[in-house]
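Engineer: Dropping the structure in here first, questions after.
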Amino acid sequence: MSLDTQNTSKKPKNLWPYGILSVILIGIILIFISVRISLKNSVVDDMPFFLKHKETEYHINNILEATKLLEGRFDFYIQANVKPTKDNIFKPYSPYLRPPHRDKQENSSPILLFVKSLNTLYVFIEPIDGDLQDLHIEAFLQKIGKADDRDQEVLIYNPKENLFTPSKPMQKGGQIPLGELILTQDKLFLSPSFEIELEGRWIVSLQITTKDEQIPVILEKEFFGIPKSESITNEAPNI
């Protein structure tokens, strides 16, 4: 058999199996990477009503009804480090009515917490058809946005012993207990003083119970954490 005949009798190589195998391998690698990223950045249920998602769905009608009844008996206003005025901007709201996400502080927003400085929550409550003595209020703080485990901590100040006690959430990304609010004069409830380390968005949650209602009502307000020096600069008059 001649050399020309041998060359013509050779069949061309079929590369399709290798291409299909390569596509399958690339798909497996991409799936593996996606799973790792998902596990590393898993979605955390922030439990705004202090209940798991399914429990919230089951009780949501009762929760909203209890919230409506409470807001019909009292007007709530919240601010940090100063008594709030009777302005709607200081009114807390149900987590069910939480406004859209905001990454940056609005220039005109007075709802601020100071970073690495003492903060105290002031909750002014105007009775409509209720007694302030019937209210029991617990305050919680939650960092919104990506934060490391070390950032999920607030320092609670004890003035009697002149020391700070760290407070952490019971679950990652959950609410950080601040403690019970104390009723003082002028219809004011004050929180224990505390210190935060991280700038950015924070949610203050008030867990309110009354003698007549077994279902706790949750009202919240978004605050921005900024350095205290920056706040003083922004408030300084232009010369």
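The values are calculated or read from the model by the stated rules, or taken from the named source; none is laboratory data. For clarity, every value in this text was computed on a predicted model and none was experimentally measured. Every residue, glycine among them, receives a Cβ derived from its backbone with ideal geometry; neighbour counts consider all protein chains shown. Surface accessibility is based on the protein's heavy atoms, side chains included, excluding ligands, DNA and RNA. Shrake-Rupley method; radii C 1.70, N 1.55, O 1.52, S 1.80 Å.
Engineer: Give me the residue from the range 207-224 that is in contact (Cβ under 8 Å) with a residue 12 or more places away in the chain and outside any strand (DSSP E or B) and, out of that set, surrounded by the most Cβ atoms within 10 Å (Cβ to Cβ).
Structural biologist: Narrowing the range 207-224 to residues in contact (Cβ under 8 Å) with a residue 12 or more places away in the chain: 207-213, 215-224.
Next, from what is left, pick out any that are outside any strand (DSSP E or B): 211-213, 215-216.
Numbers: Lys211: 10, Asp212: 10, Glu213: 15, Ile215: 15, Pro216: 19.
Looking at residues that are in contact (Cβ under 8 Å) with a residue 12 or more places away in the chain and outside any strand (DSSP E or B), I get Pro216.
Engineer: Right, here's the next one. Before we move on, is Ile37 modelled with pLDDT under 70 and either surrounded by 12 or more Cβ atoms within 10 Å (Cβ to Cβ) or farther than 22 Å from His136 by Cα (or both)? Spell out how you get there, then give the answer.
Structural biologist: On the way: modelled with pLDDT under 70: yes; either surrounded by 12 or more Cβ atoms within 10 Å (Cβ to Cβ) or farther than 22 Å from His136 by Cα (or both): yes.
Criteria met by Ile37.
Engineer: For the structure I just gave you, tell me whether Tyr93 is in contact with a strand residue (DSSP E or B) (Cβ under 6 Å, 6 or more places away or on another chain), modelled with pLDDT of 90 or more and under 16 Å from Glu220 (Cβ atoms). If you could, list the steps in order and put the result at the bottom.
Structural biologist: Working: in contact with a strand residue (DSSP E or B) (Cβ under 6 Å, 6 or more places away or on another chain): no; modelled with pLDDT of 90 or more: yes; under 16 Å from Glu220 (Cβ atoms): yes.
Taking the combined requirement at face value, the residue does not satisfy it.
Engineer: Give the residues of the range 164-176 that are open to solvent by 60 Å² or more (accessible area, probe 1.4 Å) and under 13 Å from the mean Cα position of the chain (by Cα), sorted by residue number.
Structural biologist: So in the range 164-176, the residues open to solvent by 60 Å² or more (accessible area, probe 1.4 Å) come out as 164-166, 168, 170-172.
Selection gives Gln171, Lys172.
Engineer: Then there is this: Contact list please: Cβ distance under 7 Å, first residue in the range 177-206 and under 17 Å from Val82 (Cβ atoms) and open to solvent by less than 10 Å² (accessible area, probe 1.4 Å), second residue part of a strand (DSSP E or B) and of a type in the set (Asp, Glu), pairs at least six apart or on different chains.
Structural biologist: Pairs that qualify, where the first residue is under 17 Å from Val82 (Cβ atoms) and open to solvent by less than 10 Å² (accessible area, probe 1.4 Å) and the partner is part of a strand (DSSP E or B) and of a type in the set (Asp, Glu), are Val204/Glu220.
Engineer: If you check Leu112 against the conditions, is it at pLDDT below 95, of a type in the set (A, V, I, L, M) and under 19 Å from Tyr93 (Cβ atoms)? Show your work before the answer.
Structural biologist: On the way: at pLDDT below 95: yes; of a type in the set (A, V, I, L, M): yes; under 19 Å from Tyr93 (Cβ atoms): yes.
The answer is yes for Leu112.
Engineer: Now for a different question. Name the one entry in Pro192, Pro177 that is at pLDDT 90 or above and assigned to a strand (DSSP E or B). Give the derivation first.
Structural biologist: Details: Pro192 fails: assigned to a strand (DSSP E or B).
The match here is Pro177.
Engineer: A further question on this structure: So which residues in the range 71-89 are part of a helix (DSSP H, G or I) and under 23 Å from the mean Cα position of the chain (by Cα), if there are any at all? Break it down into steps so the answer makes sense when it comes.
Structural biologist: The initial filter retains those residues of the range 71-89 that are part of a helix (DSSP H, G or I), namely 71-73, 88-89.
Passing the criteria: Glu71, Asn88, Ile89.
Engineer: Something else: Please count how many residues of the range 56-82 are open to solvent by 90 Å² or more (accessible area, probe 1.4 Å) and touching a residue at least 12 places away in the same chain (Cβ under 8 Å).
Structural biologist: Going residue by residue through the range 56-82, those that are open to solvent by 90 Å² or more (accessible area, probe 1.4 Å) are 57-58, 61, 65, 68-69.
Now narrow it down to the ones that are touching a residue at least 12 places away in the same chain (Cβ under 8 Å): 69.
Count: 1.
Engineer: Where residues in the range 115-140 are part of a loop (DSSP other than H, G, I, E, B) and of a type in the set (Ser, Thr, Tyr), which of them is modelled with the highest pLDDT? Spell out how you get there, then give the answer.
Structural biologist: Of all residues in the range 115-140, those part of a loop (DSSP other than H, G, I, E, B) come to 116-118, 120, 128-131.
If we keep only those that are of a type in the set (Ser, Thr, Tyr) too, we end up with 117, 120.
On the way: Ser117: 94, Thr120: 97.
Applying the filter and picking the extreme gives Thr120.
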